[in-house]
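Participant: Okay, handing you the structure first.
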Amino acid sequence: MKKDITMRKNTFVKGAVITTVGIILTKIMGILYVIPFHSIIGDEGGALYGYAYTIYLFFLSLSSAGIPLAISKIVSEYQTLGYIKAKKRAFVLGKWLSVLMGFICFLLVVLFAPILAKSILGDVVGGNSVEDVTLVIRIIASAILIGPLLSVYRGYFEGHRIMSPPSISQVLEQLFRVLIIIFGSLITLKVFHLSLSNVVGVALFGATVGAFISYFYLLEKYLKNRSKFQEKVRDKNEPLVSDKVILKKIVVYAIPFIMIDFFKSMYNYVDMVSVVKGLVTYANYSAVDAETVYSIFSTWAQKFNMIIAAVSTGIIVSLIPNLTESLVKKDKSELNQKINLSLSMLLYFIVPMTFGICFLSKAVWGLFYGDSTYGASVLSYYIFVGFVVSLFTTVITTLQTLKDYKDVFICLLVGILIKIIFNMSLLRTFTSIGLPPYYGFITATILGYGVSFLLCMILLNRKYEVSFENLLKNFIDVLCGSLLMIFVLVLIRFLVPVYSNVRMMNFLIILFYALMGSVVYFLYAWQSHLTKSIFGDHFFQSISRILLRK
């Protein structure tokens, strides 16, 4: 029995690690391309890019955010039960539903682009125009046509716990997207000498190209390995499951996932329609400075938050089918273990990452974007948004996997209401006490996600009897290791500067401090048995065997 538990834990950890590595690779590419991209389009172009991309993510969440995870959950459920025909029909129905939703959302974005652009800028003048924003919104709408279908294929693979093809497809999608962003925008500007809005539009079209490449890769993998998906878990007579039942299950499973992404997109939407207008009206910023701050929020600083969030995404993708299996078997002990394991793994990585980026914010910003009036100041605080979003996303997804849709909705609603209520009031408060006014927007976001996270944790503990004693112990160890890391880095700061006016020197500074910090943190984690407590001996034995085999 103990051996079975160890193997299940190792399978979950392995799946989470494979997925996380793939996602982190895509995020690293997403970080590296911004260095040349920022030099091409600047802060004004970054704001324009952010307007369109926020709208795109908002409608993509409506059209497809819930479907891949719903398909993953349904496929895992039917695979565990041995319902092969029902599993296949769920895949087909999911594809048709995703195509329909994608087309509807595409039409909405194209038709209402001028109204959306006006709601963003209002009467603010001196920066991007309503016509420019309308153009880039319509260009990126094309990506909504293919995104939902691509997501269904990823969900089908992940439901079978085949994690490599979806991970590779994400890397391919990001690779081709980045190539279009860099070379497409450069050629548009330097060769054809087109306007900034056209340059940004070409860069945004990279999302469509990347999605198509990724889709055809997964389609080829699916057709080539179709026989592997037909294997039954056990021999039994499969009952007839109607298309109506399957479709209802897809919708019921997808809606909570859609709600999660919808409300997360709402946070960005609230900032999109309030940051520029709020800073101009209440903090006496010029339109150019206000759009510069928004570009940092939506485009430039957001890239570093994506690295933090990538860890939670990888864990969630592996967690959902594993939780579903435990639910089908009604194994509460295993369910408790997997929830604690996922949160412990998440904290193990994101706490030191968050502290480290905060500490090195000036060097990080200097390396990627050069000198900036607001950049490092925003990044040092905004990175904590990535931290709370990662925690929130993991626990809210866990709750919805437990089919507690009512509580999921309440937690999401409370969070976004806190964001809306405090967004402008905190802006004015921070302005009046002499702190950067844009910290008000960031604080409102952290409060919204933080309260939602705490509500989810209370519900898991009281309603589902999930014990967090071991998680609390792991968190204390993670926090101690991270604080020790920062303490050592502060001491080193007296010998080695944390920022340089020379851009490439910042790279060496970051590399040096990252290595020193990693050594301190991982040594502490090893000596305190934190690493063993979370990952287990079997996982490291497997890694050792792989390395020795090579």
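Values quoted throughout were computed directly from the atomic coordinates according to the rules given, and no laboratory measurement underlies them. The model shown is predicted, which means the values in this text are computed figures rather than measured ones. Quick reminder, even Gly has a Cβ in these numbers, built from the backbone with ideal geometry, and neighbours come from all protein chains shown.
Participant: Figure the gain on full extension for Leu111 and Asp243 (residue separation times 0.36 nm, minus the Cα-Cα span) and round it to one decimal in nm.
Facilitator: 44.2 nm
Participant: Need the full-extension length gain, His193 to Tyr464, defined as separation in residues times 0.36 nm minus the C-alpha distance. One decimal, nm.
Facilitator: 91.5 nm
Participant: Here's another thing I want to ask about it. Within 10 Å of each residue's Cβ, count the other Cβ atoms and sort Asp123, Asp43, Asp407 from fewest upward. Display every interim value, and only then the final one.
Facilitator: Working: Asp123 8, Asp43 24, Asp407 18.
With the fewest neighbours first, Asp123, Asp43, Asp407 line up as Asp123, Asp407, Asp43.
Participant: Right, something else. Could you compute how fast the stretch 42-174 diffuses translationally, taking Rh as the Kirkwood radius over C-alpha pairs and applying Stokes-Einstein at 20 °C with viscosity 1.002 mPa s? Give it in µm² per second.
Facilitator: My calculation gives 132 µm²/s for D.
Participant: Sequence-distant or interchain residues sharing an amide H contact under 5 Å with Tyr374, placed H: which?
Facilitator: none
Participant: Using a basic spin-label model with each label point 7 Å from the Cα along Cα→Cβ, how many nm lie between Val99 and Arg493?
Facilitator: About 5.7 nm separates the two model spin labels.
Participant: Right, next: Take Thr445, Thr393 and order them by how many other Cβ atoms sit within 10 Å, fewest up front.
Facilitator: Fewest-to-most ranking of Thr445, Thr393: Thr393, Thr445.
Participant: Could you work out how far the C-alpha centroid of the stretch 60-93 sits from that of the stretch 430-497, in angstrom?
Facilitator: 35 Å
Participant: Go through the stretch 193-200 residue by residue and turn each phi into a ³J(HN,Hα) via Karplus (6.51, -1.76, 1.60, θ = phi - 60°); whole Hz please, and just put x for glycine and proline.
Facilitator: 6, 7, 5, 4, 5, 5, 4, 5
Participant: Rounded to whole Hz and in sequence order, give me ³J(HN,Hα) for the stretch 209-223 from the Karplus expression 6.51 cos²θ - 1.76 cosθ + 1.60, θ = phi - 60°, writing x for Gly and Pro.
Facilitator: 4, x, 5, 5, 4, 5, 5, 5, 5, 5, 4, 5, 5, 5, 5
Participant: In addition: Looking only at the stretch 260-295, which residues have a backbone nitrogen under 13 Å from a spot 7 Å from the Cα of Asp123 in the C-beta direction?
Facilitator: Counting only backbone N, you get 281.
Participant: Below 8 Å between Cα atoms, with a sequence gap of 6+, how large is the relative contact order for the stretch 104-218 in percent?
Facilitator: 32 percent
Participant: Just to verify a number: FRET efficiency for Arg503 and Ser286, C-beta to C-beta distance, R0 = 25 Å, to 0.05?
Facilitator: In this case the efficiency is close to 0.40.
Participant: Can you give the relative contact order of the stretch 298-373 as a percent, counting alpha carbon pairs under 8 Å and 6+ residues apart?
Facilitator: Relative contact order, the stretch 298-373: 30 percent.
Participant: Looking only at the stretch 351-383, which residues have a backbone nitrogen under 20 Å from a spot 7 Å from the Cα of Phe512 in the C-beta direction?
Facilitator: 356-371
Participant: Enumerate the calculated ³J(HN,Hα) couplings along the stretch 359-364 in order (Karplus 6.51 cos²θ - 1.76 cosθ + 1.60, θ = phi - 60°), each rounded to whole Hz, writing x wherever the residue is Gly or Pro.
Facilitator: 5, 9, 4, 5, 5, 4
Participant: Taking 37 °C and 0.692 mPa s as the conditions, I'd like the Stokes-Einstein D for the stretch 48-125 in µm²/s, using the Kirkwood hydrodynamic radius from alpha carbon pairs.
Facilitator: 224 µm²/s
Participant: Let me ask something else. So how much slack lies between Gln527 and Phe216, counting 0.36 nm per residue of separation and subtracting their Cα-Cα distance, in nm?
Facilitator: So the extension gain works out to 107.3 nm.
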